[in-house]
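Beneath this line is the structure, given in structure tokens, with notes to follow.
Only the coordinates and a few stated rules stand behind these numbers; no lab work does. None of these values were measured; they are calculated from a predicted model. Here the Cβ positions follow ideal geometry from the backbone for every residue, glycine too, while neighbour counts run over all protein chains shown.
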Amino acid sequence: MAHKKTNVFKDIEHLIRLAVVIVIAVVAFVVLRTAVIPRSFGQYGHYRGAAIAEATAHPVAFAGHDVCEACHSDVADQKKLGKHVVVACEACHGALARHADDPASVIPAKLDTTIVCARCHEANSAKPKGFRQVVAADHSGGIACDTCHLPHKPKIEVAKTEAGGKK
Amino acid sequence: MDLTRRRLLVLLPAAAVAWKYVLAGTPEASPNYKLSEHWWSMLIDIPKCIGCGSCVRACAQENEVPEGYFRTWIERYHVADWKIERPEVESPDGGKEGFPPNETSTGKNFFVPKLCNHCADSPCTQVCPVGATFVTPDGVVLVDKNYCLGCRYCVQACPYGCRFINPKTKTAEKCTLCYHRITKGLTTACCEVCPTGARQLADLKNPKDPIHEFLRTHTVQVLKPHMATGAKVFYNGMDGSVR
């Protein structure tokens, strides 16, 4: 028995070597893993928590009508008199956050009403029936819409006297 | 201190590690915005949509969506009489420049704006092998473009066809519900420019949001409810032919 026992411990050096190799491998794995995985991974779930903050960092292109109306309150008041009150400024005028940031040097382009108005008001059978639609070719024959209509208050009565238009 | 070759070799990896931590620093989030206080969704009122394409153009501009790809788009449906199962659907350039006049005005014609449904149980986030796409605590499905491998699993998994691979970055891209805007108190670019109010951003966790009253009093559907994705884009007045 005793003879056998010494035999068992005689070869323990092999086991120790194996254990050392395993410990080194585990430590290396843990170190590598912590180095490779981003710090915020798992903050909210199985993803990088910092990605949420990164998504909020994207610049804004459309300022929003509240920002427009802070300066252009006269236009806002005029719009309130007509049906276009529900249409936000940038729906027609385009993204103007840069103009809002620097009104002096970023000047919005003048709009071509033959294009801008037609986008909504050109007749199409898929449009809701109650929505005002015209076939531009028949309605105006290519004349710019703002010859007769005021885009901010499109109903014709006032425009007739101011711009002298017909129809 | 002389910069010997030995020192440089020691310093370079150290500098690289330090730089990685600098880059990993979280950008400043919007102040006063609490993730836990919101649960975002969108309401689309089909009878109000005029197919003008304002939303598509605004989305492209706000989010720098590459030409020919869409985070939101408009479809025009044509249903001939009883053929509800065989609607004719078209979306020329995503409806970006509106739609040409219909050849036929018979049958039923209407527009359906589409975008990511920001599903609560989204299939796309479940298939991502690396955790690059996820539902945020405030209910928006986002892609971490710095972590995405571009493996396209999510593109295939989305039942609504809302994802694509950005040809420049080669990573998955989709509607973020203008996350950079809604966290600042703005509405999304598409909702901002929609001239008829056919699209409205809604916060389901805000008890004062008119969405609750609307959902209670209208016939509202989500797309592909049988897929149980927990879609959060609600369609009012949607015809049964819509896929």
Here the relative contact order (percent) of the range B:104-190, from C-alpha pairs under 8 Å and at least 6 apart, is 24 percent
Taking Cα atoms only, helix B:5-24 is inclined relative to the longest principal axis of chain B by an angle, in degrees rounded to 10, of 30 degrees
Restricting to Cα pairs under 8 Å and 6 or more apart, the percent relative contact order of the range A:1-99 works out to 20 percent
Charge dipole of the protein assembly as shown built from unit charges on the beta carbon (Lys, Arg +1; Asp, Glu -1), centred at mean Cα; most positive-end Cα among B:Q156, A:A53, B:A15 is B:A15
Low-density loop chymotrypsin sites (Phe, Trp or Tyr not before Pro), the range B:42-120, at most 12 other Cβ within 10 Å, DSSP non-H/G/I/E/B, are B:W82
Rounded to 0.05, the calculated FRET efficiency for the beta carbons of B:T106 and B:N32 at R₀ = 60 Å is 0.65
With x for Gly and Pro, the residue-by-residue ³J(HN,Hα) of the range A:54-65, computed from phi through the Karplus equation 6.51 cos²θ - 1.76 cosθ + 1.60 at θ = phi - 60° and given in whole Hz, is 5, 5, 6, 7, 4, x, 8, 9, 9, 5, x, 5
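Using DSSP to define loop residues, name the trypsin sites (Lys or Arg not before Pro) in the range B:89-191 whose beta-carbon has at most 16 other beta-carbon atoms within 10 Å. Working shown, then result.
Numbers: sites: B:K96, B:K108, B:K114, B:K145, B:R152, B:R163, B:K168, B:K170, B:K174, B:R181, B:K184; in loops: B:K96, B:K145, B:R152, B:R163, B:K168, B:K170, B:K174, B:K184.
Taking the range B:89-191 and a limit of 16 other Cβ atoms within 10 Å, the loop trypsin sites (Lys or Arg not before Pro) found are B:R152, B:K168, B:K170, B:K184.
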Under the Karplus relation with 6.51, -1.76 and 1.60 and θ = phi - 60°, whole-Hz ³J(HN,Hα) for the range A:40-53, x at Gly and Pro, equal 8, 5, x, 4, 10, x, 7, 6, 7, x, 5, 4, 5, 5
Taking Rh as the Kirkwood radius computed over alpha-carbon pairs of chain B and applying Stokes-Einstein at 25 °C with viscosity 0.890 mPa s, one gets a diffusion coefficient in µm² s⁻¹ of 123 µm²/s
Between B:A157 and A:I16, Cβ-based FRET efficiency (R0 56 Å, step 0.05) works out to 0.65
Checking A:A88, A:A97, A:A50 against a Gaussian network model of chain A (alpha-carbon springs below 10 Å), the top fluctuating residue turns out to be A:A50
Rounded to the nearest 10, the angle in degrees between the Cα long axis of helix B:54-63 and the longest principal axis of the Cα atoms of chain B comes to 0 degrees
With Rh as the Kirkwood radius over Cα pairs, the protein assembly as shown has Rg/Rh of 1.14
For the A:A104, B:H218 Cβ pair and Förster radius 41 Å, calculated FRET efficiency rounded to 0.05 is 0.35
Expressed as a whole number, the average count of other chain Cβ atoms within 10 Å around the Cβ atoms of A:125-135 is 6
For B:H78, A:H149, A:H46, ascending order of other Cβ atoms within 10 Å (fewest first) is A:H46, B:H78, A:H149
Flagged as over-length at 21 Å C-alpha distance, from B:K114/B:K224; A:K110/B:K184; A:K79/A:K127; B:K145/B:K168, the pairs are A:K110/B:K184; A:K79/A:K127
Cα-based Debye curve of the range A:63-109 sampled at q = 0.13, 0.20, 0.21 Å⁻¹ gives log₁₀ I(q)/I(0) of -0.28, -0.64, -0.70
Chain A: relative contact order from alpha carbon pairs under 8 Å, six or more residues apart, as a whole percent, is 16 percent
Taking max minus min of the Cα coordinates of chain A on each principal axis, largest first, gives extents in Å of 121, 42, 23
Amide H neighbours of B:F234 at under 5 Å, excluding residues fewer than 5 places away on the same chain, with H built from the backbone geometry, are B:M42, B:L43, B:I44
Toy charge model, Lys and Arg Cβ at +1, Asp and Glu Cβ at -1: the protein assembly as shown dipole around Cα centroid in debye, rounded to 20, equals 1360 debye
Within 10 Å of the Cβ of an average residue in B:174-181, the count of other chain Cβ atoms is 4
Going residue by residue through the range B:135-143, the Karplus relation 6.51 cos²θ - 1.76 cosθ + 1.60 with θ = phi - 60° gives ³J(HN,Hα) values, rounded to whole Hz and with x marking Gly or Pro, of 9, 6, x, 9, x, 10, 8, 10, 10
Applying the span-like rule to chain A (DSSP H, Cα extent along axis at least 15 Å, Kyte-Doolittle mean at least 1.6) gives A:12-36
Expected integer from the mean partner chain Cβ neighbour count at 10 Å over B:191-198 is 6
